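Notes follow the structure.
The values are calculated or read from the model by the stated rules, or taken from the named source; none is laboratory data. In this text, all values refer to a predicted model and were calculated from it rather than measured experimentally. Protein only, heavy atoms only, side chains kept; ligands, DNA and RNA dropped before computing areas. Shrake-Rupley method; radii C 1.70, N 1.55, O 1.52, S 1.80 Å.
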Amino acid sequence: MNLTFNGDINSFISLKQCFKNSNVSFSKRKAPKLEPLNKDEIVISNIQDSDQPVIRKIELNTSAIPTSTNIIDGVEVPVYKYDKRYPRELKATPNPKIRGELLQDKGVKNIELAINRLTNFSRYLKEDMVGFYTPDGKHWFEGACKYLIEGSAGIDIPESMYPEYATKFWELLSKADKFWISDEFVDYLKSMEQNPGVVASINAIENINNAINARNSNITFGYSSELRFIPELLKHGGAYTGQELVLSYKEGGPHPLYPTLEHLFPHIAGGDEANDNCNYVLTTSESNSSRSDIPLIDFLKGWDGDAYYAKNPNWKKSIIKTTKIKAPKEITDINELNLTRKEK
């Protein structure tokens with residue numbers, strides 16, 4: 001008996017298996033040529049005889065030669081070599097202070113998402129892409145610096161704007177891992193072709209470090225307080241946030257949760273006239289800056305300095321006119337603290 005089957009190829013194969021020991025014969029028919037799954041799948045293999053698996057083949061439009069192929073879900077895909085050329089294996093070194101540093105950035109919308117995205121992106125770049133060469137022979141970081149900068153801007157920007165966005169990007173990424181502003185990374189960038197993206201990145205990182213060094217060397221503040229040296233006040237948390245305060249000042253600057261002296265009566269209006277401990281509460285630099293010099297009662301109602309000044313543009317001018325006192329700045333370096341208060 002002859003049976004002609006005109007169904008799809010998978011049904012044909014299954015049916016043939018069922019009748020392989022019978023006297024029934026089949027007329028073979030090839031399935032239609034498959035359509036590409038996406039733009040990279042430019043060559044599709046011919047369908048083989050009906051008793052063979054149907055294989056879809058991907059061939060990329062590139063001069064790179066794959067080292068082998070692999071079958072994934074019925075698709076034959078090319079496999080390329082992972083070409084890493086760096087003198088040592090790099091591992092992520094997460095910044096333990098990332099949360100505090102991000103809390104000082106008013107542009108952060110969601111702190112948990114920011115920490116997760118930054119740490120993972122930093123790990124990916126450091127462990128996988130530093131020293132990586134693409135299958136078509138390009139030094140990835142050499143070409144990527146430009147795209148990291150333009151991607152940070154979100155639009156196609158002229159090279160004259162590269163320094164601005166390079167600084168924003170590398171400063172942000174360094175909150176996840178200080179490797180990105182290290183001498184090692186700068187030396188790595190200097191070892192490659194000095195295109196505009198690479199040069200802008202080098203200069204940005206060097207400027208970031210110069211700014212850090214300048215902050216550390218220019219701590220010439222004029223007031224302090226014993227309050228920040230009372231462990232209970234630090235442990236119980238800042239006045240406005242409740243976050244435990246950290247009395248730590250290292251090479252990179254004060255800890256993000258370093259206890260700053262918040263003036264109940266703003267110093268710009270004369271609050272430092274007596275340099276009085278009774279005018280101080282301890283809080284983080286972020287909340288201290290957020291209040292700025294606005295009235296305490298408005299700050300407690302949810303206003304911050306920027307919004308308050310926008311509504312009351314003459315406020316700061318009016319309070320400055322009420323005093324001739326030029327208030328000193330706060331000491332934040334433990335090594336330079338002078339606890340002798342100047343009574344007036």
query: Can you work out ³J(HN,Hα) from phi for every residue in the range 90-102, in order, using Karplus 6.51 cos²θ - 1.76 cosθ + 1.60 and θ = phi - 60°, giving whole Hz and x for Gly and Pro?
result: 9, 10, 4, 10, x, 7, x, 9, 4, 4, x, 5, 5
- line: Computed ³J(HN,Hα) along the range 124-135: with the Karplus parameters 6.51/-1.76/1.60, θ = phi - 60°, integer Hz and x for glycine or proline, the list is 4, 5, 6, 7, 9, 10, 5, x, 7, 10, 6, x
message: In whole Hz and in residue order, list the ³J(HN,Hα) couplings for the range 239-244 that follow from phi through the Karplus curve 6.51 cos²θ - 1.76 cosθ + 1.60, θ = phi - 60°; x for Gly and Pro.
response: 5, 9, 10, x, 6, 4
- prompt: Scaled to the compact-protein estimate 2.2 N^0.38 Å, what is the alpha-carbon radius of gyration of the range 84-169, rounded to two decimal places?
  reply: 1.25
message: Using a probe radius of 1.4 Å on heavy atoms only, what accessible surface per residue do you get for the range 81-179? Whole Å² is fine.
response: 58 Å²
task: For residue 276 and residue 60, compute 0.36 nm times the residue count separating them, minus their Cα-Cα distance, and round to one decimal in nm.
output: 70.5 nm
- prompt: Amide H to amide H, which residues 5 or more places from residue 83 or on other chains are under 5 Å from it, using H placed in the peptide plane?
  reply: 133
task: Label the range 109-232 by shape, choosing from rounded, prolate and oblate, from the square roots a ≥ b ≥ c of the eigenvalues of the Cα gyration tensor; if a/c is under 1.5 it is rounded, and otherwise prolate applies when a/b is larger than b/c, oblate when it is not.
output: prolate
- prompt: Percent of accessible area on the range 93-157 owned by carbon and sulfur, 1.4 Å probe?
  reply: 53 percent
- prompt: Given a cut-off of under 8 Å on Cα pairs at least six residues apart, what relative contact order in percent is computed for the range 131-218?
  reply: 31 percent
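Please compute, over every Cα-Cα pair in the range 159-220, the percentage with a separation greater than 18 angstrom.
For the range 159-220, the fraction of Cα-Cα distances above 18 Å is 35 percent.
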field: Pairs from 109/311; 57/168; 81/178; 81/106; 235/301; 84/106 whose Cα-Cα separation, in the structure shown, is over 32 Å
entry: 57/168; 81/106; 84/106
